[in-house]
Amino acid sequence: MRNIIIAPSLLSADFANLQKDLDMINESQADWLHLDVMDGVFVPNISFGMPVIGAVNRVCKKTLDVHLMIVEPDKFIDDFHKLGAQVLTVHYEACTHLHRTIQRIKALGMKAGVALNPHTPISLLEEIIADIDVVMLMSVNPGFGGQKFIENALDKVARAKELIIKKGSSAIIEVDGGVNLETGKRLIEAGADALVAGSFVFNSANPLQTIKDLKAL
Ligand code: DX5
Ligand code: ZN
């Protein structure tokens, strides 16, 4: 059985009581903690930023997986590194000089991820796939938790896997949006290596058990 990375998304946590949710994450079988940074420009929503991530880093024992849904991410790569990001993902659609962005993330010792919006084809990664550590496929339009899974993401996972093999890349495939036990199982069958889950974990009656169930898929 492959080891699938489970990354609960803090976006659906209780922001009035983050300590409680972070204690739960620390205790859980989660591999990464997914942190969604939104700027109100790249996506139609604003989430949280630097001070929150710094505070989370002081408490959280899991790998911090930071998903930047912001324009001009290059401006903040060094800041997110200092704040404790270990995986830093930028959007393909937000980067004019993606190769340079990726190199900077890796030079700082972080894993470099590239996220694709639902409409962005896998083929656009052809010239960069060998340089990146994580391909993040959005299975919802980014900006909000709790949205419906877009079925086309399953085919994209399979196509991303083909490209990774063809180019001899060591990138892993992470899927973000609408993940639950049913979509998660199908994504793993299609070749996903990492699953982000926000509302499914934090809105469940027993988040610890839900993470365990995802891990057992
Ligand atoms: C959406 C974010 C996701 C979000 C997923 O823009 O990138 O990480 O938290 O939420 P769910 O799992 O509820 O779809
Ligand atoms: Zn995300």
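Residue by residue through segment 138-154, note down the ones that are touching a residue at least 40 places away in the same chain (Cβ under 8 Å) and of a type in the set (A, V, I, L, M, F, W, C).
Phe144
For Gln86, which of the numbered conditions (1) over 17 Å from Ala30 (Cβ atoms); (2) surrounded by fewer than 21 Cβ atoms within 10 Å (Cβ to Cβ); (3) within 16 Å of ligand 2 (Cβ to nearest atom) fails to hold?
(1)
Hey, can you tell me all the residues within segment 24-40 that are under 18 Å from Ala197 (Cα atoms) and buried (at least 18 other Cβ atoms within 10 Å of the Cβ)?
As a first pass, look at segment 24-40 and keep what is under 18 Å from Ala197 (Cα atoms): 24-38.
Listed by number, the residues that qualify are Met24, Ile25, Ser28, Ala30, Asp31, Trp32, Leu33, His34, Leu35, Asp36, Val37, Met38.
Conditions first: (1) in a loop (DSSP other than H, G, I, E, B); (2) open to solvent by less than 10 Å² (accessible area, probe 1.4 Å); (3) of a type outside the set (Ser, Thr, Tyr). Ile173 passes all but one, so which condition is the exception?
All conditions are met except number (1).
Working only within segment 99-146, note down all residues that are closer than 19 Å to Met69 by Cβ and either exposed (fewer than 15 other Cβ atoms within 10 Å of the Cβ) or touching a Gly at 6+ places or on another chain (Cβ under 6 Å) (or both).
Across segment 99-146, the qualifying residues are His119, Leu124, Val134, Met136, Met138, Ser139, Val140, Asn141, Gly145, Gly146.
Just to be sure before I move on: is Thr96 among the hydroxyl-bearing types (Ser, Thr, Tyr) and open to solvent by 20 Å² or more (accessible area, probe 1.4 Å) in the structure I sent? I'd like the intermediate steps shown before the answer.
Details: among the hydroxyl-bearing types (Ser, Thr, Tyr): yes; open to solvent by 20 Å² or more (accessible area, probe 1.4 Å): yes.
Considered against the rule, which asks whether it is among the hydroxyl-bearing types (Ser, Thr, Tyr) and open to solvent by 20 Å² or more (accessible area, probe 1.4 Å), Thr96 comes out as yes.
Need pairs with beta-carbon distance below 7 Å; first residue under 18 Å from Asn45 (Cβ atoms) and within segment 70-82, second exposed (fewer than 15 other Cβ atoms within 10 Å of the Cβ); sequence gap 6+ or separate chains.
If the second residue must be exposed (fewer than 15 other Cβ atoms within 10 Å of the Cβ), the pairs left are Val71/Val41.
Please enumerate the residues belonging to segment 15-43 that are of a type outside the set (Val, Ile, Thr), in contact with a Pro (Cβ under 7 Å, 6 or more places away or on another chain) and within 16 Å of ligand 2 (Cβ to nearest atom). It would help to see each step written out before you state the result.
Of the residues in segment 15-43, the ones of a type outside the set (Val, Ile, Thr) are 15-24, 26-36, 38-40, 42.
Checking the rest, the ones that are also in contact with a Pro (Cβ under 7 Å, 6 or more places away or on another chain) come to 24, 30, 33-34.
Of everything in segment 15-43, those that are of a type outside the set (Val, Ile, Thr), in contact with a Pro (Cβ under 7 Å, 6 or more places away or on another chain) and within 16 Å of ligand 2 (Cβ to nearest atom) turn out to be Ala30, Leu33, His34.
Would you check if Val43 is open to solvent by 40 Å² or more (accessible area, probe 1.4 Å) and not in a strand (DSSP E or B)? Before the answer, list the steps.
On the way: open to solvent by 40 Å² or more (accessible area, probe 1.4 Å): no; not in a strand (DSSP E or B): yes.
The answer is no for Val43.
Could you please give the count of residues in segment 150-163 that are β-branched (Val, Ile, Thr) and open to solvent by less than 10 Å² (accessible area, probe 1.4 Å)?
Qualifying residue count, segment 150-163: 1.
With respect to the numbered conditions (1) under 19 Å from Lys215 (Cα atoms); (2) away from ligand 1 (no atom under 12 Å from the Cβ); (3) in a helix (DSSP H, G or I), which one is the sole condition not fulfilled by Gly184?
The one condition Gly184 does not meet is (2).
Mind listing whichever residues of segment 124-155 are more than 23 Å from Arg104 (Cα to Cα) and either touching a Phe, Trp or Tyr at 6+ places or on another chain (Cβ under 6 Å) or more than 16 Å from ligand 2 (Cβ to nearest atom) (or both)?
Ser139, Glu151, Asn152, Leu154, Asp155
Looking only at segment 1-17, filter to residues that are touching a helix residue (DSSP H, G or I) at 6+ places or on another chain (Cβ under 7 Å) and open to solvent by 10 Å² or more (accessible area, probe 1.4 Å); which one of those is nearest to ligand 1 (Cβ to nearest atom)?
Taking the candidates together, the pick is Ser12.
Does segment 5-22 hold any residues that are touching a residue at least 24 places away in the same chain (Cβ under 8 Å) and farther than 14 Å from Asp65 by Cβ, and which are they?
Taking segment 5-22 and keeping what is touching a residue at least 24 places away in the same chain (Cβ under 8 Å), we get 5-15, 18-19, 21-22.
If the condition is that a residue be touching a residue at least 24 places away in the same chain (Cβ under 8 Å) and farther than 14 Å from Asp65 by Cβ, then Ser12, Ala13, Asp14, Phe15, Leu18, Gln19, Asp21, Leu22 are the ones that fit.
The values are calculated or read from the model by the stated rules, or taken from the named source; none is laboratory data. Just so you know, these numbers come straight off a predicted model, no measurement behind them. FYI the Cβ positions are ideal-geometry reconstructions off the backbone, even for glycines, and counts take in every protein chain you see. Protein only, heavy atoms only, side chains kept; ligands, DNA and RNA dropped before computing areas. Shrake-Rupley method; radii C 1.70, N 1.55, O 1.52, S 1.80 Å.
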